[in-house]
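Everything on this sheet refers to the single structure shown next.
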Amino acid sequence: MEYNFGEIEKRWQQYWIEHQTYKVTEDPSKPKYYVLDMFPYPSGAGLHVGHPLGYIASDIFSRYKRLQGFNVLHPMGYDAFGLPAEQYAIQTGQHPAITTQKNIARYREQLDKIGFSFDWSREIQTCDPKYYKWTQWAFIRMFHSYYDNQLKKARPISELVEQFSRQGTSGLNVACTEPLEFTAEEWNSKSEKEQQQILMNYRIAYLGDTMVNWCPQLGTVLANDEVSEGVSIRGGYPVEQKKMRQWCLRVSAYAQRLLDGLETIEWTDSLKDTQRNWIGRSEGAIIRFNTSNGSSFDIFTTRADTIFGVTFMVLAPESELVGQLTTDEYREAVQAYIEKTKKKTERERIADKSVSGVFSGAYAIHPFTGEKLPIWISDYVLAGYGTGAIMAVPAHDSRDYAFAKHFDLPIVPLIEGCDVSEESFDAKEGIMTNSGFLNGLTVEEAIPRAIDEIQNRGLGYRKVNYRLRDAIFSRQRYWGEPFPIYYKDGMPYTLDEGELPLELPEVDKFLPTETGEPPLGRAKNWKTKDGYPLELNTMPGFAGSSAYYLRYMDPHNDEALVSKNADEYWRNVDLYVGGTEHATGHLIYSRFWDKFLFDLGVSCEEEPFKKLVNQGMIQGRSNFVYRVKGTNTFVSFNLKDKYDVTPIHVDVNIVHNDVLDIEAFRNWNPEYKTAEFILEDGKYICGWAVEKMSKSMFNVVNPDDIVESYGADTLRLYEMFLGPLEQSKPWDTNGIDGVYRFLRRFWNLFFEGNKLALQDSEPTRDELKSIHKLIKKVTSDIETFSFNTAVSAFMICANELSSLKCRNRSVLTDFVICLSPFAPHISEELWHLMGNETSVCDAVWPSFDESYLKEDVFTYSISFNGKSRFTLDFQADATREQIEAAVLAHPNSQKWLEGKSPKKIIIVPKKIVNVVI
RNA sequence: GCUCGGAUGGUGGAAUGGUAGACACGCAAGACUUAAAAUCUUGUGACCAUUACGGUUGUGCGGGUUCAAGUCCCGCUCCGAGUACCA
């Protein structure tokens, strides 16, 4: 009987819909397992063959867990707000909602063809008001919360207000933008507006004046993870630094918990490392320096031990200290320098490695020696890190060194025997010298000793600093969640939770207003709250994706983000599958958001994603034809060196196993209608290269086309067979025939002519051995995500059973169940043909029996001095003496022993005998 | 610069320190066919032999540990990813 995948796949996809096979509900009688994919942004280009890689892997795992008796939650949805739909709207006038819905429909159509076990009744779209109601709700809660450093959790802001009115800021230990001090009387005598301004300093969602990444082309600010090398990730437009009043999330308050949480989850070490670097914890000290005019300022350093090597100070150009410290004499030069650095874009600043700076005219006083230290201003010091000011130790910091050399400032070495004539000595090792009370100590000892001394003298204190910045949460765009915020007397207030969702209004154009307000400023019927104006910014892309995994647990609940009941059953994601590109964006924000919800008691787990697997990127594999210059003649790959040729990209879909379909090529482009070919062996062979998968390279392979010609099961198996899941690899349709042949061979195991031909007899020992070997291998391969070797195991077993002429019902039943997570359609078909009434999804994963895997006879490899020479068979119960005797008695042994007697004989059970001579 | 990966046939890739190259593609030969496709069988790292069920060599390079190293250790080379004046 023919393996008609088209018919089979259609039939069972229909069956699964009709029987709601993949619908799940909370079932306390079963253990839960939550498998989640990073939901896609539905782009206009549709899915290419790389996108489903992770979905197939997670689908295999979900189906496997289900067969093992778990109640598996495996949902899918769309991250539907975002820039491309809005850019498209600006160009075409088509409403982003329409574009998005169209793209979603296309995605769904493509996904459906691959046979995923998603519970689509739980589908969410982040642009759906019913969904973003809860994004807005969480924002309101963040607005009304502050972070208590003592309790290490978020608390209602009302508690802070109460504390202010009772005791002011005394004894306060909370996360804030800048430390403030006031008494209860002062607080109580402030106006409503003044109090609101002060509270902004503490809210977890707050309005702050911060340096932001401003992208003029996109007309919006961007988060740090949306910018790379000075250009926007989406679109690649230049980004500049600008000070703006923006909504921010106090992610930095959670820095330590985000760091500590990494210890409790199963992520790869490299991803944890990336997050650790991004959080960037560094231990050091804040040291106060007095200036010659009587004021003072703080610096942060991790090298307090180098305090005696400070020869000058440097301020960031953006620092507020610049204005306070600069003397009148130098004011003009400083102003000019600041103007110059401001003009540079982020990108230019990165590219420009040259040293620049200007003297402020002011001096700091060295806290130990009383020496006068000139204060400089330079853009190598960042306003956003530490205090925006540093103590420069040119002998032991390469940047300070470069600066000192350039401006001819003194360099004082502090480590015995170090040579700083050519470069600084940055290593944290050696014995201190020229360092007063630190002399003779190692660097390791000197750091804490120096900080102790500084603390004792009241010059500063120990401080842990984090690189992690607060997230900038405003976007000057249309296609995002509106803020549930209105302004009264210039201060923001939240809408009542009962007024949510605050829906996105209609606008006539998706561009900023003439007065430079965001697009929402155009809304005619935009609601006002009791006559007060609403916030015109919208939320960024990561807002909707930060807590979506919670919403899948209870997607239709209008009363809560997630019910207590559903949350306590599903808890958190057991397996999260997605790309590494979200390592510092989504995966930080999600963890932050979840920790906040955990503090509120909404989420019962402190980490959202227990185990995380990163699938590799699928790159494109481009094909080339070679046109002889100045002609319309194309020469085959191996003959091209004899001609002067230009390589031209050719659509990979008209090339099979690197052989060009000449007819299709002539029809591909009118230019090639009359093309001539110089063939080899009657074929035109194309060249190839690995490139990014993109339309312009003509190397995009569409999953629909593969499903059309080979079937979804073949696509699924082949994507897994291509290589290790985590590894990046090019898509190469060559080779797909291998898994396709396997499926047909497997299919044929069941049939004699057109009839199902199964036998109910006892399986033979060889059949049992083969199938139990498969069960063992596939079980362990799925557990370790080695899907590529699992596919090989299927092929091996099918070949073995085929040569054994196995028709045994129980053996083939186990095979079908094992294969069903990988190739659900063919498995479902065979499962039903074998007389089962229910879906193969509800079968039970077979267990393997080691006793069938036992060998009677083992083939030993006999080595002499580690070099393998011949093989010998031994019974499993052969004794050491028997083996030794047999080896030495073997005629070949004489040859390798060369008359000498062995020093030692090493026997590795069941495998190796090594004779050491 | 720093951090983390990786390097194995013509290709994708297998190998708890124990017969390197599983499995698959491709290629070659054969069977079936008027023929082609499909299918099946056999072979396939390189080199030397071919009377053999033979020998030599071989996992980016150079050392080391071990009876035994693709795998562990030290020192390089190249490639990829992330990050970057973070004091």
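Structure notes:
- For the range A:273-344, the equivalent ellipsoid derived from the Cα gyration tensor has semi-axes of 27, 20, 10 Å, listed largest first.
- Applied to the range A:602-609, the Karplus parametrisation 6.51 cos²θ - 1.76 cosθ + 1.60 on θ = phi - 60° returns per-residue 3J(HN,Hα) values of 7, 9, 8, 10, 7, 10, x, 10 Hz, with x for Gly and Pro.
- Using θ = phi - 60° in the Karplus curve 6.51 cos²θ - 1.76 cosθ + 1.60, the 3J(HN,Hα) couplings for the range A:283-289 round to 9, x, 9, 8, 10, 8, 10 Hz; x is entered for Gly and Pro.
- Solvent exposure of the range A:811-917 as accessible area per residue, Å², 1.4 Å probe: 52 Å²
- In units of the compact-protein estimate 2.2 N^0.38 Å, chain A shows a Cα radius of gyration of 1.17.
- Violating pairs (Cα-Cα greater than 22 angstrom) within the set A:65/A:769; A:343/A:372; A:190/A:488; A:776/A:911; A:272/A:776; A:610/A:692: A:65/A:769; A:343/A:372; A:272/A:776; A:610/A:692
- Taking amide H as placed 1.01 Å from N in the peptide plane, residue A:485 has its amide H under 5 Å from the amide H of A:495, A:535, each at least 5 places away in sequence or on another chain.
- Within the range A:280-431: Cβ-based charge dipole about Cα centre, in debye rounded to nearest 20 (Lys, Arg +1; Asp, Glu -1): 420 debye
- Surface listing: A:708, A:499 arranged by accessible area from highest to lowest gives A:708, A:499, probe 1.4 Å.
- Global form of the range A:570-610, assessed from the alpha-carbon gyration tensor, a/c cut-off 1.5: oblate
- Ordering A:553, A:54, A:297 by Cα displacement along the dipole of chain A toward the positive end leaves A:54 in first place; charges were set at the Cβ atoms of Lys, Arg (+1) and Asp, Glu (-1).
- Sites residue A:211 and residue A:421, calculated FRET efficiency, Cβ-Cβ separation with R0 45 Å, nearest 0.05: 0.75
- Between residue A:557 and residue A:528, the contour length at 0.36 nm per residue exceeds the Cα-Cα span by 7.7 nm.
- Principal semi-axes in Å for the range A:559-691 [√(5λ), Cα gyration tensor, largest first]: 57, 14, 12
- Applying the criteria of a DSSP loop state and at most 15 other Cβ atoms within 10 Å to the trypsin sites (Lys or Arg not before Pro) of the range A:162-230 yields A:190.
- The tail of the calculated P(r) for the range A:478-546, taken as Cα-Cα distances beyond 21 Å, holds 23 percent of the pairs.
- Peptide packing: for A:898-911, A:766-779, the average count of neighbouring Cβ atoms within 10 Å per residue gives the ranking A:766-779, A:898-911, highest mean first.
- Mean projected area of the convex hull spanned by the Cα atoms of the range A:676-821, taken over all viewing directions: 12.3 nm².
- Most simply put, chain A has about 80% antiparallel DSSP beta bridges, counting only bridges with both residues inside it.
- For the range A:1-129, the per residue solvent-accessible surface stands at 38 Å², with DNA, RNA and ligands left out and a 1.4 Å probe.
- Per-residue ³J(HN,Hα) for the range A:544-557, Karplus 6.51 cos²θ - 1.76 cosθ + 1.60, θ = phi - 60°, Hz, x for Gly and Pro: x, 9, 7, 10, 5, 5, 6, 5, 4, 5, 7, x, 10, 6
- Computed over the range A:752-888, the alpha-carbon pair-distance distribution with 5 angstrom bins reads 2, 9, 16, 17, 16, 12, 9, 7, 6, 4, 3, 1, 0, each value a whole percent.
- In this structure the amide hydrogen of residue A:694, modeled in the peptide plane, comes within under 5 Å of the amide hydrogens of A:699, A:700, none closer than 5 places in sequence on its chain.
- Per residue, the range A:345-492 exposes 46 Å² of solvent-accessible protein surface, assessed with a 1.4 angstrom probe and all protein chains in place.
- Considering helices alone, the calculated mean residue ellipticity of chain A at 222 nm is -10000 deg cm²/dmol, with DSSP H runs of length four and up weighted by -39500 (n - 2.57) and normalised per residue.
- Farthest positive-ward along chain A dipole, Cα basis, beta-carbon charges - from A:29, A:513, A:862: A:862
- Kirkwood hydrodynamic radius (C-alpha pairs) into Stokes-Einstein, the range A:808-852, 10 °C and 1.306 mPa s, D in µm²/s: 147 µm²/s
- The spread of Cα positions in the range A:190-252, taken along each principal axis and listed from longest to shortest, comes to 46, 21, 13 Å.
- Membrane-span-like helices in chain A, defined here as complete DSSP H runs extending at least 18 Å along the helix axis by their C-alpha atoms with mean Kyte-Doolittle hydropathy no lower than 1.0, are absent; this is a sequence and geometry rule, not a statement about a membrane.
- Cut-off under 5 Å, modelled amide H: who pairs with residue A:73 long-range: A:33, A:34, A:35
- Whether the range A:215-310 is rounded, prolate or oblate, judged on the alpha carbon gyration tensor where a/c under 1.5 counts as rounded: oblate
- Computed over protein heavy atoms with a 1.4 Å probe, the carbon and sulfur contribution to the accessible area of chain A reaches 49%.
- In a reduced charge model with +1 at each Lys and Arg Cβ and -1 at each Asp and Glu Cβ, the range A:1-111 shows a dipole moment near 200 debye about its Cα centre.
- Options A:427, A:254, A:878, ranked by Cα towards positive dipole end of chain A, top entry (Cβ charges): A:878
- Counting only Cβ charges, +1 for Lys and Arg and -1 for Asp and Glu, the dipole size of chain A around its Cα centre is about 1080 debye.
- Convex hull per residue volume in Å³, alpha carbons only, for the range A:848-890: 89 Å³
- Diffusion coefficient, µm² s⁻¹, Stokes-Einstein with Kirkwood Rh over alpha-carbon pairs of the range A:302-419 at 37 °C and 0.692 mPa s: 222 µm²/s
- Rounded, prolate or oblate (a/c below 1.5 giving rounded, otherwise prolate when a/b exceeds b/c) for the range A:1-91 by Cα gyration tensor: oblate
The values are calculated or read from the model by the stated rules, or taken from the named source; none is laboratory data. Treat the numbers as computed from the prediction; the structure is a model and nothing was measured. Virtual Cβ from ideal backbone geometry, glycine too; neighbours counted across all protein chains shown. Accessible surface is based on the protein model in full, side chains and every heavy atom, while ligands, DNA and RNA are left aside. Shrake-Rupley method; radii C 1.70, N 1.55, O 1.52, S 1.80 Å.
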